[in-house]
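Working notes, structure below.
Each value in this text was obtained by applying a stated rule to the coordinates, not by laboratory testing. Source: prediction; values computed, not measured. Because the Cβ atoms are built from the backbone with ideal geometry, glycine has one as well, and the counts that use them run over all protein chains shown.
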Amino acid sequence: MSNTIISVKNLTKQYQAEQSGGVKDVSFEITRGDVVAIIGESGSGKSTLLKSIYGLLKSDSGDVFFDDKRVLGPDEQLIPGHKQMKMVTQDFSLNTYAKVYDNIASQLSNTDLKTKAEKTLAIMEHLRILPLQNKKIIELSGGEQQRVAIARAMVSDTQVLLMDEPFSQVDALLKNQLRADIKRVAAETGVTVILVSHDPADGLFLADQMIILRNGELLQTGKPTEIYQQPKHIYTAQILGNAVVLSRGDAEKLGIKTFAASVVFYPEWAEINSSWNSRRFEVKDVYYKGFYDELLLERNGVSVRALQLNRGEHKKNDYVQLNISRFLEF
Ligand code: ADP
Ligand code: MG
């Protein structure tokens with residue numbers, strides 16, 4: 001078996017009504033066992049791409065391959081969807097009045113009852129829901145229900161778990177827990193996870209591979225750190241790190257010499273210090289960000305943002321020295 005489990009080749013799926021929706025000429029590969037995050041704004045084509053990978057949508061052109069075999073479309077088989085993949089949707093599709101154990105075990109056949117019980121208990125253990133096995137779904141919290149939905153999707157020798165916006169219904173604390181769960185379960189079981197999210201933090205926190213979609217087009221794919229450090233498009237730097245974008249003219253007003261049309265940097269690349277090459281900026285505003293502040297700074301009519309790790313050190317109307325140590329040119 002090769003290391004690549006899924007490859008998407010020149011996939012195009014447009015919806016008749018508007019020629020804009022869907023995905024356009026998207027190609028990428030997914031390594032077995034990786035957690036992959038497809039990140040894009042609402043309407044960028046994430047769900048279309050996920051459904052196409054699973055075989056729920058007929059593509060206009062291009063193909064998806066699972067272990068080098070073409071994934072069949074909904075018109076090519078009786079029950080749409082690839083057998084070794086499972087999709088967990090936001091509504092979980094659980095039997096709410098049945099017990100947790102039965103919701104999961106029902107996915108397995110009765111030909112071997114011992115194996116059925118063993119597999120059900122094993123996956124419940126991976127998802128840390130063993131103590132819930134005799135509870136009914138309606139007695140569970142949203143986060144617990146999501147774990148049951150994942151266990152149910154994974155119990156039947158699933159190789160690829162597809163998740164559409166898995167964290168959109170949960171609060172911030174639980175979100176971090178579920179992210180950690182998914183990462184751990186993928187590492188423990190070797191399942192490949194493909195999740196889509198509009199929140200770039202999901203990709204940055206837990207993905208081995210991140211895919212950035214905009215208007216149905218793949219802008220960039222790679223490891224989160226590579227994409228963050230070397231974005232190929234200004235857009236990517238803006239959605240991942242709220243980057244500061246300056247025109248050449250504005251950059252020159254700050255003493256940054258460039259031949260590029262735009263200069264882009266993340267706020268953390270601007271250091272507040274007083275080295276020989278730093279410049280004086282006025283603090284226009286201070287935004288509280290938890291364990292650090294973000295400063296809105298201005299010099300010669302040009303605004304930039306920088307981090308202040310020593311919270312409260314500089315206040316509105318103060319002057320600070322800023323050294324933009326690193327920037328990208330576009
Ligand atoms: P996302 O999941 O990133 O929000 P979708 O893949 O659901 O995006 O949709 C991408 C675009 O395709 C959107 O502009 C949406 O309106 C359009 N679209 C999605 N499904 C359909 C459909 N069944 N018919 C027509 N247009 C659709
Ligand atoms: Mg969607």
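Let's see how each residue does on (1) closer than 30 Å to Thr48 by Cβ; (2) more than 16 Å from ligand 1 (Cβ to nearest atom):
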| site | (1), (2) |
| --- | --- |
| Lys114 | no, yes |
| Ala122 | no, yes |
| Glu125 | no, yes |
| Ile138 | no, yes |
| Gln145 | yes, yes |
| Ile150 | yes, yes |
| Met154 | yes, yes |
| Ser168 | yes, no |
| Asp171 | yes, yes |
Scan the strands (runs of 3 or more DSSP E) fully inside the stretch 244-302 and keep the ones with 3 or more residues being surrounded by 15 or more Cβ atoms within 10 Å (Cβ to Cβ) and touching a helix residue (DSSP H, G or I) at 6+ places or on another chain (Cβ under 7 Å). 262-265
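Considering the stretch 81-91 alone, what residues qualify as being touching a helix residue (DSSP H, G or I) at 6+ places or on another chain (Cβ under 8 Å) and surrounded by fewer than 19 Cβ atoms within 10 Å (Cβ to Cβ)? Full working, then the answer.
Of the stretch 81-91, the ones touching a helix residue (DSSP H, G or I) at 6+ places or on another chain (Cβ under 8 Å) are 81-82, 85-88.
Selection gives Gly81 alone.
Taking the stretch 1-36 on its own, how many of its residues are within 14 Å of ligand 2 (Cβ to nearest atom) and either in a strand (DSSP E or B) or of a type in the set (Lys, Arg) (or both)? So that I can check it myself, show each step before the final result.
If we filter the stretch 1-36 for residues that are within 14 Å of ligand 2 (Cβ to nearest atom), which is where we start, we get 13, 15, 21-23.
Then keep just the ones that are either in a strand (DSSP E or B) or of a type in the set (Lys, Arg) (or both); that gives 13, 23.
Number of matching residues: 2.
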Restricting attention to the stretch 37-89, report how many residues are in contact with a Phe, Trp or Tyr (Cβ under 6 Å, 6 or more places away or on another chain) and either in a strand (DSSP E or B) or within 13 Å of ligand 2 (Cβ to nearest atom) (or both). 2
For Thr4, only one of the following conditions fails: (1) within 16 Å of ligand 1 (Cβ to nearest atom); (2) surrounded by fewer than 19 Cβ atoms within 10 Å (Cβ to Cβ); (3) within 22 Å of Lys183 (Cα to Cα). What is its number? (1)
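Tell me which residues, restricted to the stretch 298-324, are of a type in the set (Gly, Ala, Ser) and under 11 Å from Ile272 (Cβ atoms).
Keep residues of the stretch 298-324 that are of a type in the set (Gly, Ala, Ser), which gives 301, 303, 306, 312.
The answer is Ala306, and nothing else.
Residues Glu329, Glu313: which one is closer than 21 Å to Ala251 by Cβ, among the acidic types (Asp, Glu) and surrounded by fewer than 18 Cβ atoms within 10 Å (Cβ to Cβ)? Give the steps one after another, and end with the answer.
Working: Glu313 fails: closer than 21 Å to Ala251 by Cβ.
Going through Glu329, Glu313 in turn, just one is closer than 21 Å to Ala251 by Cβ, among the acidic types (Asp, Glu) and surrounded by fewer than 18 Cβ atoms within 10 Å (Cβ to Cβ): Glu329.
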